[in-house]
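Visitor: Have a look at the structure that comes next, please.
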Amino acid sequence: YGHFPGRPKWTKRLITYRITRYTPDLAQRQVDTTIAQAFQLYSDVIPLDFKQVTSGTADIMILFQSRYHGDFYPFDGAGGVLAHANSPGQGQGGDTHFDDDESWTLTQRGVNLLLVAAHEFGHALGLDHSRDRRALMYPTYQYVNTNGYRLPDDDRRGVQALYGSRTTV
Amino acid sequence: APTTAPTMSPEDQDLAEGYLSQFYADVGMTNSTLRRIRNNSFTQDLQAMQAFFGLEVTGTLDKETVDVMKAPRCGVSDISR
């Protein structure tokens, strides 16, 4: 695992997130549930909690949009880049964007939202890319069965190095 | 028997240059002089990419490297900024 230069991290225990634009590929309820599941993977192992809000500015702002979407890194159509996220910090820190030209699914077909969201939230919490092929933070997408999915060891160690373990707090 | 190394297509070369500039380039390289420096470092960036993904580090574009570049991925750079 790796961390960003300066090891940026959140300095509070409750992190808010808000989904400002949804994908038409899934029902809003499915997106809400899946995003919550992705955050839960982390809150299972570190002493942070995540709360969805529906108005105002959240710590982590989330959207699904194609091509230009308000930052310096426009998306590139289907395939290629699937999503990106900022490291922790004020303002746009932690913000997470999904390319809505992808076909977002909850299955093996298309691009599995849980796996990509969990990867991006790793960045939003301070994890850089890992060279471990088995790690969630490996840069390329590969589907794995998400039934009972838990954070791989490499990623768990990486995020606990930043925030400590939930079980020890 | 010796074989001729496959030549990568111009499309693959363009893909590689775009990929490396997006995921393996330093930030702040904006003026023409620095762009030339960037072009000269294509081989170094390619080696860094091949090392990151556990490929054979040759600094030469090959099919295996291009295949990795074509895989869907996260848009965050592989080198810390």
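Visitor: Can you give me the long-range amide H partners of A:GLY93? Hydrogens built in the peptide plane at 1.01 Å from N, cutoff under 5 Å, separation of 5 or more residues or another chain.
Guide: When sequence neighbours closer than 5 places are left aside, there are no close amide H contacts.
Visitor: While we're on this one: Using modelled backbone amide H atoms (1.01 Å from N, in-plane), which distant-in-sequence or interchain residues come within less than 5 Å of A:ILE60's amide H?
Guide: Under 5 Å from the amide H of A:ILE60 lie the amide H atoms of A:THR16, A:TYR17, A:ARG18, each far enough along the sequence or on another chain.
Visitor: Partner chain Cβ atoms within 10 Å, averaged over the residues of B:66-73 - can you pull that number for me?
Guide: 5
Visitor: Ordered by residue, what ³J(HN,Hα) values in Hz, to whole numbers, does the range B:10-18 give under the Karplus form 6.51 cos²θ - 1.76 cosθ + 1.60, where θ = phi - 60° and Gly and Pro are x?
Guide: Result, ordered by residue: x, 5, 5, 5, 4, 4, 5, 5, x Hz.
Visitor: Right, something else. Highest GNM mean-square fluctuation, chain A, Cα pairs closer than 10 Å: which of A:GLY126, A:GLY93, A:GLY79?
Guide: Of A:GLY126, A:GLY93, A:GLY79, the Gaussian network model singles out A:GLY79 as fluctuating most.
Visitor: A further question on this structure: With an 8 Å cut-off on Cα pairs and a minimum separation of 6 or more residues, tell me the relative contact order of the range A:75-140 in percent.
Guide: This gives 28 percent for the range A:75-140.
Visitor: In whole Hz, what ³J(HN,Hα) sequence does the range B:62-71 give by Karplus (6.51, -1.76, 1.60; θ = phi - 60°), x for Gly and Pro?
Guide: So the J values, rounded to whole Hz, are 10, 4, 4, 5, 5, 4, 5, 5, 7, 6.
Visitor: Quick one: which residues, 5+ away or cross-chain, put their amide H under 5 Å from the amide H of A:HIS3? H built at 1.01 Å from N.
Guide: A:ASP128
Visitor: So if I place +1 on the C-beta of Lys and Arg and -1 on the C-beta of Asp and Glu, and nothing else carries charge, what would the dipole magnitude of the protein assembly as shown be about its Cα centre? I want it in debye, nearest 20.
Guide: With Lys and Arg at +1 and Asp and Glu at -1, about 860 debye.
Visitor: Additional query: Would you mind telling me which residue in A:GLY80, A:GLY94, A:GLY122 has the biggest mean-square fluctuation in a Gaussian network model of chain A, where springs connect alpha carbons within a distance under 10 angstrom?
Guide: Comparing A:GLY80, A:GLY94, A:GLY122 in the GNM, the peak value goes to A:GLY80.
Visitor: Let me ask something else. How large is ³J(HN,Hα) for each residue in the range A:63-75, as worked out from phi by the Karplus curve 6.51 cos²θ - 1.76 cosθ + 1.60 (θ = phi - 60°), to whole Hz, x for Gly and Pro?
Guide: Karplus values, whole Hz, x for Gly and Pro: 8, 10, 7, 9, 6, 6, 9, x, 10, 8, 10, x, 6.
Visitor: Obtain the nm distance between the two label points defined at A:ARG133 and B:ALA51 by a simple spin-label model: each point lies 7 Å from its Cα along the Cα-to-C-beta direction.
Guide: In this crude label model, A:ARG133 to B:ALA51 measures out at 2.0 nm.
Visitor: Here's another thing I want to ask about it. Taking only Cα atoms and a 10 Å spring cutoff, compute GNM fluctuations for chain A and point out the largest among A:LEU115, A:LEU26, A:LEU127.
Guide: A:LEU26
Visitor: Multiply the residue separation of A:GLN92 and A:THR140 by 0.36 nm, subtract the distance between their alpha-carbon atoms, and state the gained length in nm to one decimal.
Guide: 14.9 nm
Visitor: Among the lysines, select those whose C-alpha is under 28 Å from the C-alpha of A:LYS51, and discard any that sit fewer than 8 residues away in the same chain.
Guide: Here the lysines satisfying the reach criterion relative to A:LYS51 are A:LYS9, A:LYS12.
Visitor: OK, next. Just to be sure I understand: of the beta bridges DSSP finds with both ends in the protein assembly as shown, what percent are antiparallel, rounded to 5?
Guide: Here the antiparallel bridges make up roughly 25 percent for the protein assembly as shown.
Visitor: Kindly put A:THR105, B:THR60, B:THR65 in sequence by how many other C-beta atoms sit within 10 Å of each C-beta, fewest to most.
Guide: Exposure proxy ranking, most exposed first: B:THR60, A:THR105, B:THR65.
Visitor: Please work out how much length the chain gains when fully extended from A:ASP32 to A:ASP76, using 0.36 nm per residue of separation minus the C-alpha to C-alpha distance, in nm with one decimal.
Guide: Extending this stretch completely gives an extra 13.4 nm.
The numbers here are math on the coordinates, done by the rules we state, and not lab data. As the structure is a computational prediction, the values presented were derived from the model and not from experiment. Positions of Cβ are backbone-derived with ideal geometry, glycine not excepted, and every protein chain shown enters the neighbour counts.
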